[in-house]
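Data block below; observations after.
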Amino acid sequence: MKRVFLETYGCQMNVADSELMAGVLERAGMELVDRAEDADAVILNTCAIREHAELRVLGRLGEFAHLKRKNPDLIVGVAGCMAQHLRKRLFDRKRVLDLVVGPDGYRDLPGLLRRAASVPTAEIRLDRDETYGDLEPRREPGVRAWVTVQRGCDKFCSYCVVPYTRGRERSLPLAQLLEQVERAAEQGFREIVFLGQTVNSYHDGTHDFADLLRAAAAVPGVLRIRYTSPHPADMSERVITAMVECEKVMPHVHLPLQSGSDRVLAAMQRSYTLERYQRVLDTIRARIPGVAVTTDIIVGFPGETEEDFEATRTTMERSRFDSAFLFKYSARPDTRSFKLPETVEDAEKGRRLALLLELQQQISGEIHDGYLGREVEVLVDGLSSRGKGGGHPPQLHGKSREFKTVVWAVDGAAAGTLHRVRVVGATPVTLLGESVTAARRESLVTIAG
């Protein structure tokens, strides 16, 4: 078994886990291929946060069933957060799956694949000591590197499956993380994104998250540092001060709200009130100039009344988030809220979601209009998808310091460099720009003429 096709679903932590698996497989002499049809084994790295994500994976497994009929020796595996749920499918008489491996089994992935070629294999035990801190990931090309600083979660929000699929929280030693940051910088990555389920609760026994931000900011070659996702209850003065004092730490905070109702927050077991969340938000905005704040919100949680929903909508109007990830509540097996009766019909969830989407689009549009005429510093990602074909002129894209997507006409700027762009247009999701360098060049030509 030499060729492996690896496909990723879910969040940035899953992307980072896939890079970790890719490194393990390549060191074992296996080759990562781009097409499932060319592989001896296919692995889906899965997400179990929402039902929709699971349905996508199950549909993909159906496609692999067709491949397996053509090639009975093909090994089909599922990794990640869906492993626990899919274990029973190993013993289905119409078996498609040969391997199920949970988030703490990646170190032994080559051996598990070889075993699965002979017998259905499952490795789903959670290991409170496994951090993979000593393993080198195979990072995908680009300008930013994902660095997982902690695994698991201790919050046990009532709707969230992560503590059950990824285990209890444990942080990697700061020294190991700095080694990862240094290697990423040496490999040409210019932005470091620290990942953790509640990333700002990071603590290795000696150093906290503020220490990590400061240490990473001192690494040569790193231009920018970001992190996701913090928990409002763990947003300390030390972390905020580090953001203020470290120029490389970007002025963007993703601060999940989930609900604007204290009653619903308590049922979600979010460990903060709306008043406490607002204090944190106000402190961040007061101390970090020009900060952009984004959030997560769930509608239709069991027991959410119209009054609760209106409280959330009012909070959004008052807080004016730069953007928001908005979701309908999705009951997840093994979570505490799974046993609660659904009290909001799906159609009503959809109505509430649509209202919040419309509100957020309006707010985001107004915030982006405020950028018109301003110069922004952009870390260049490369050619935008719109400029790669379809008759559109080629465009570059990148992220501003505030994590705004910016696009502008190709002007010779190289991926991984910082570039000045003047904002000349805006949509609720994108800033449209012109290169300051190109504009000045054109101005000089006009004057000379």
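The values are calculated or read from the model by the stated rules, or taken from the named source; none is laboratory data. This one's a predicted model, so the numbers in the text were calculated from it and none came from an experiment. Reconstructed Cβ throughout: ideal geometry from the backbone, glycine too, with neighbour counts over all protein chains shown. Note: accessible area is taken over every heavy atom of the protein model, side chains too, but ligands, DNA and RNA are not part of it. Shrake-Rupley method; radii C 1.70, N 1.55, O 1.52, S 1.80 Å.
What the table shows:
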| quantity | calculated |
| --- | --- |
| Helices (runs of 4 or more DSSP H) wholly inside the range 138-224 containing at least 1 residues that are within 29 Å of Leu126 (Cα to Cα) and touching a Cys at 6+ places or on another chain (Cβ under 8 Å) | 162-165, 209-217 |
| Test for Arg139: is it at negative phi and surrounded by fewer than 15 Cβ atoms within 10 Å (Cβ to Cβ) | no |
| Subset of the range 275-303 [under 13 Å from Leu353 (Cα atoms) and assigned to a loop (DSSP other than H, G, I, E, B)] | Gly300, Phe301 |
| Test: residue in the range 93-102 that is of a type in the set (Val, Ile, Thr) and either over 26 Å from the mean Cα position of the chain (by Cα) or surrounded by fewer than 16 Cβ atoms within 10 Å (Cβ to Cβ) (or both) | yes |
| Per-region count, the range 60-114, residues closer than 18 Å to Arg166 by Cβ and β-branched (Val, Ile, Thr) | 3 |
| Hits in the range 69-92 (condition: part of a helix (DSSP H, G or I) and open to solvent by less than 100 Å² (accessible area, probe 1.4 Å)) | Ala83, Gln84, His85, Leu86, Leu90 |
| Hey, Lys399 of a type in the set (D, E, K, R), under 29 Å from Tyr329 (Cα atoms), in contact with a strand residue (DSSP E or B) (Cβ under 8 Å, 6 or more places away or on another chain) and modelled with pLDDT of 95 or more or not | no |
| Any hit, the range 244-266, residues being assigned to a loop (DSSP other than H, G, I, E, B), within 30 Å of Asp308 (Cα to Cα) and of a type in the set (Val, Ile, Thr) | no |
| Selection within the range 404-414 - under 21 Å from the mean Cα position of the chain (by Cα) and either crowded, with 19+ Cβ neighbours inside 10 Å or among the aliphatic types (A, V, I, L, M) (or both) | Lys404, Val406 |
| Total residues in the range 231-243, condition assigned to a loop (DSSP other than H, G, I, E, B) and in contact with a Pro (Cβ under 8 Å, 6 or more places away or on another chain) | 1 |
| Qualifying residues in the range 356-393 (those that are open to solvent by 70 Å² or more (accessible area, probe 1.4 Å) and not in a helix (DSSP H, G or I)) - the one modelled with the lowest pLDDT | Gly390 |
| Per-region count, the range 25-55, residues at pLDDT 90 or above and out of contact with any Phe, Trp or Tyr (no Cβ under 6 Å at 6 or more places or on another chain) | 17 |
| Selection count where residues are out of contact with any Cys (no Cβ under 6 Å at 6 or more places or on another chain), surrounded by fewer than 17 Cβ atoms within 10 Å (Cβ to Cβ) and under 14 Å from Lys155 (Cβ atoms), scope the range 267-291 | 1 |
| Residue among Leu255, Leu212 that alone is in contact with a strand residue (DSSP E or B) (Cβ under 9 Å, 6 or more places away or on another chain), over 22 Å from Ser400 (Cβ atoms) and open to solvent by less than 20 Å² (accessible area, probe 1.4 Å) | Leu212 |
| Within the range 296-346, tally of residues that are among the polar types (S, T, N, Q) and either farther than 11 Å from Gly260 by Cβ or open to solvent by 70 Å² or more (accessible area, probe 1.4 Å) (or both) | 6 |
